[in-house]
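Some notes on the structure that comes next.
The values are calculated or read from the model by the stated rules, or taken from the named source; none is laboratory data. This one's a predicted model, so the numbers in the text were calculated from it and none came from an experiment. Quick reminder, even Gly has a Cβ in these numbers, built from the backbone with ideal geometry, and neighbours come from all protein chains shown. The accessibility values were calculated without ligands, DNA or RNA, using every heavy atom of the protein model including side chains. Shrake-Rupley method; radii C 1.70, N 1.55, O 1.52, S 1.80 Å.
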Amino acid sequence: MNYSDFKGKVALVSGGSRGIGYAIAADLLREGAKVTITGRTAENGEEALGKLRQISPDVAFVKADAVNYDELQNAMQAASVDGGIDLLVSAGAEGPIGPRPFADLTAEEIKAVFTPRFYGRILPVHAAIPYLRARGGAVVMIGTDAARTATPGESLIGAVGATVILMTKALAKEFT
């Protein structure tokens with residue numbers, strides 16, 4: 001990955017202790033950004049932090065569940081430099097329910113799909129707004145290919161992903 005202008009930038013990667021969030025945090029560190037990652041568990045966060053510090057010492061971990069607004073606000077404050085953040089990568093959280101046919105899900109499981117996959121993407125963005133405005137920062141929300149291609153067993157995952165895509169487009173207009 002080649003990011004051209006990240007040297008000295010302040011980035012927060014929600015869900016950065018694992019998966020794609022972790023990979024993005026590693027790339028940002030390689031490009032000279034100061035990175036804070038969040039994750040739901042201290043164990044995953046500390047493990048990720050140990051590996052990421054081999055790339056750069058400019059990394060920190062804040063335990064924050066992407067659907068817990070108070071924890072997110074604390075993470076934004078901890079990550080900010082001079083009251084601001086240059087980049088928020090909202091990688092959110094994986095859901096407790098993986099791909100399954102819609103007919104096989106219970107009503108409670110249907111509801112459970114939305115909380116981490118949708119709110120886990122948009123709540124970090126909302127919590128970051130004052131910090132992004134302070135530095136003219138940018139937002140990247142990570143989605144899923146199921147949002148663009150109908151895949152059996154991923155109807156809800158795709159629906160949430162499509163919602164995140166539409167929200168990203170709408171927020172791009174609101175934030176400019």
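Tabulated data for the structure shown
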{"item": "Any hit, region 11-19, residues being at positive phi and in contact (Cβ under 8 Å) with a residue 40 or more places away in the chain", "result": "yes"}
{"item": "Candidates Thr163, Thr144 - the one that is touching a Phe, Trp or Tyr at 6+ places or on another chain (Cβ under 8 Å), among the hydroxyl-bearing types (Ser, Thr, Tyr) and crowded, with 17+ Cβ neighbours inside 10 Å", "result": "Thr163"}
{"item": "Residues (assigned to a helix (DSSP H, G or I), without any contact (Cβ under 8 Å) to a residue 24 or more places away in the chain and not aliphatic (A, V, I, L, M)) located in region 154-176", "result": "Gly158, Lys169, Lys173, Glu174"}
{"item": "Filtered residues of region 92-122 (kept if in contact with a Gly (Cβ under 6 Å, 6 or more places away or on another chain) and surrounded by 18 or more Cβ atoms within 10 Å (Cβ to Cβ))", "result": "Gly92, Ala93, Val113, Pro116, Arg117, Gly120, Arg121"}
{"item": "Count of residues meeting criterion [more than 25 Å from Ala134 (Cβ to Cβ), buried (at least 21 other Cβ atoms within 10 Å of the Cβ) and either out of contact with any strand residue (DSSP E or B) (no Cβ under 8 Å at 6 or more places or on another chain) or β-branched (Val, Ile, Thr) (or both)] in region 29-82", "result": "0"}
{"item": "Matching option when the condition is surrounded by 18 or more Cβ atoms within 10 Å (Cβ to Cβ) and in a helix (DSSP H, G or I), among Val125, Val89", "result": "Val125"}
{"item": "Among (1) open to solvent by 60 Å² or more (accessible area, probe 1.4 Å); (2) within 30 Å of Ala60 (Cβ to Cβ), the one test that Gly137 misses", "result": "(1)"}
